[in-house]
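Colleague: Sending over a structure as structure tokens; questions will come in a sec.
The values are calculated or read from the model by the stated rules, or taken from the named source; none is laboratory data. Just so it is clear, the model here is predicted, and its values are computed rather than measured. In this analysis, Cβ positions are derived from the backbone assuming ideal geometry, glycine residues included, and neighbour counts consider all displayed protein chains. To get the accessible areas, we keep the full protein, side chains included, count just its heavy atoms, and leave off ligands, DNA and RNA. Shrake-Rupley method; radii C 1.70, N 1.55, O 1.52, S 1.80 Å.
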Amino acid sequence: QFLDALREQGYFDVALDYLNEMETSDLASSEFKATLPFEKAQTLISSTTVIRDPQLLEERLGQAESLLEQAEAHARTPELKARSQDYLGDLLFRRARNYLAMAENDRLTSSEKEVYLGQAREYLKNALTAYGKARTSYRQILDDYQLDLRNPESKSRLKRLRAVYTVVRVKMPQILEQLADSLDADDPERARSLEMATSEFKDLWQKYPNFPAGLDSCLYAARCLYKQEQFAESLSYLQEIMSLSDTSALQTLKRRAMVLAADCWARTSPYPYDDVIANLESYSERLTRREQRDPEWQRIQIELARAYHEKAAALKEQNGDPGRIRNLERDAAKLVKLLARMPGDQRQQAQQ
């Protein structure tokens, strides 16, 4: 409790001093001493949130990586071993993202950029290995778990373990997708990585539709399909999310699904303006002023405006109802005029 309190208050160096002292202290039990490498690694990782020096950041992450490998090798319990593997995967994934971010610097030459990308891919592959071990460990823990019906905590612990297991499973295809994003479009490994990620995301969605990890996997499967230019299938998964109930807990997920759906519709021929209007209109009508300035909602609104405009044009060709055509053109104009006055990625497109 003392250690957690130090970390929560941001006293990371004090927490590390405390853990070093506990290595030889009679106050610490042998069970607690066995967790010290893991706790040190967790403290080092937490401390990086306040570090701005890139060199110090890499130094601490490197120390944490070594400690997690040590914690995994000497873990006394299956759960501590699984947690160490999971944390190691998180750490390696984070280091990979750091290198991917550095590779985006416009001042780099092609060869310099490729060096960073190569380092990122190495960390991604190592993270995939760590998560694979964590997945196997958690699966074994679940298979061996003995539920005590007389103890309410036993059932709660089983539920937590299942939730952690699904999250670990989601991380593996996320890495495969990230690995694919770091490769050239014509690289065969990119296609293989996306196909493997898509397959795993689909499996998670089918097995865990009521878990947050399962719902996220439905969105991620759609995203991978979009990257493979399989727009119709991507939209079929996005439709599953957009048809969910309108609860606050699902609002962010549904908004992200609508943004991706907008990108799919924009690349679909013929343009499905009726589908766009059916899925987006009711949400656009009840946006708050703050939401109207959100980049994702603006992307949704510009696509809805396009759908109104395209449907009006189609009705003109069909000699449709003039009143209906005027209403559609008015609704499109209203949306783009609003977006054209607001800062954001859609402003220029709205002005055009």
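Colleague: Given the conditions (1) in contact (Cβ under 8 Å) with a residue 60 or more places away in the chain; (2) buried (at least 21 other Cβ atoms within 10 Å of the Cβ); (3) more than 19 Å from the chain's Cα centre (by Cα), and given that Tyr138 satisfies all but one, which numbered condition is not satisfied?
Modeller: (1)
Colleague: Might you let me know whether region 182-205 holds any residue that is open to solvent by 50 Å² or more (accessible area, probe 1.4 Å) and either β-branched (Val, Ile, Thr) or more than 29 Å from Ser236 (Cα to Cα) (or both)?
Modeller: The answer is no, given that none of the residues of region 182-205 is open to solvent by 50 Å² or more (accessible area, probe 1.4 Å) and either β-branched (Val, Ile, Thr) or more than 29 Å from Ser236 (Cα to Cα) (or both).
Colleague: Would you confirm whether any residue within region 160-183 is modelled with pLDDT under 95 and more than 23 Å from the chain's Cα centre (by Cα)?
Modeller: No, because not a single residue in region 160-183 is modelled with pLDDT under 95 and more than 23 Å from the chain's Cα centre (by Cα).
Colleague: Scan Asp186, Asp203 and give me the residue that is acidic (Asp, Glu) and either outside any helix (DSSP H, G or I) or at pLDDT below 95 (or both).
Modeller: Just a single option satisfies the conditions, and that option is Asp186.
Colleague: What about Ser154, is it of a type outside the set (Lys, Arg) and buried (at least 21 other Cβ atoms within 10 Å of the Cβ)?
Modeller: no
Colleague: Then there's this: Take residues that are open to solvent by 40 Å² or more (accessible area, probe 1.4 Å) and farther than 29 Å from Ser193 by Cα and tell me which of the helices (runs of 4 or more DSSP H) falling wholly in region 227-335 contain 2 or more.
Modeller: Qualifying helices (runs of 4 or more DSSP H): 273-284, 289-292, 295-317.
Colleague: Does Glu72 satisfy the criteria of being open to solvent by less than 70 Å² (accessible area, probe 1.4 Å), under 24 Å from the mean Cα position of the chain (by Cα) and charged (D, E, K, R)?
Modeller: Answer is no for this residue.
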